[in-house]
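Enquirer: Below: one structure in structure tokens.
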Amino acid sequence: MIKKILLGLGGTPYTGVAIQRATGLARQIEAEITAVTVLGSIARNLLVKRVLGETASHIIRNADRPLFLCQ
């Protein structure tokens, strides 16, 4: 039996759809939702890449729980 659903949250237009579907599924199977923040970059210039990189670095340095990092 599924007890938890892991939901990745990002800054795309699909985030709202993912939340709605996960919420509906959680209600059907009486599961709990655990949300995680997903960071990524499709930046095309160095300045934007630097800013997004700083955001990710800040989160990594200040996280109060384990993180899964991939590149």
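Enquirer: Looking for whichever is in contact with a strand residue (DSSP E or B) (Cβ under 7 Å, 6 or more places away or on another chain) and either at pLDDT 70 or above or polar (S, T, N, Q) (or both) here; the options are GLY16, GLY24, GLY8. Which one fits?
Expert: When all the criteria are applied, what remains is GLY8.
Enquirer: I would also like to ask the following. Between a residue in segment 1-17 that is of a type in the set (Lys, Arg) and any residue that is exposed (fewer than 10 other Cβ atoms within 10 Å of the Cβ), which pairs come within a Cβ distance under 8 Å, given they are 6 or more apart or on different chains?
Expert: If the second residue must be exposed (fewer than 10 other Cβ atoms within 10 Å of the Cβ), the pairs left are LYS3/GLU32; LYS4/GLU32.
Enquirer: Give the residue that is modelled with the lowest pLDDT, with candidates limited to residues of segment 30-66 that are acidic (Asp, Glu) and either under 30 Å from ILE2 (Cα atoms) or not in a helix (DSSP H, G or I) (or both).
Expert: Once the filter is applied, the top-ranked residue is ASP64.
The values are calculated or read from the model by the stated rules, or taken from the named source; none is laboratory data. This is a predicted model, so every value here is computed, not measured. Cβ coordinates were reconstructed from backbone atoms using ideal geometry, including for glycine residues, and neighbour counts include every protein chain displayed.
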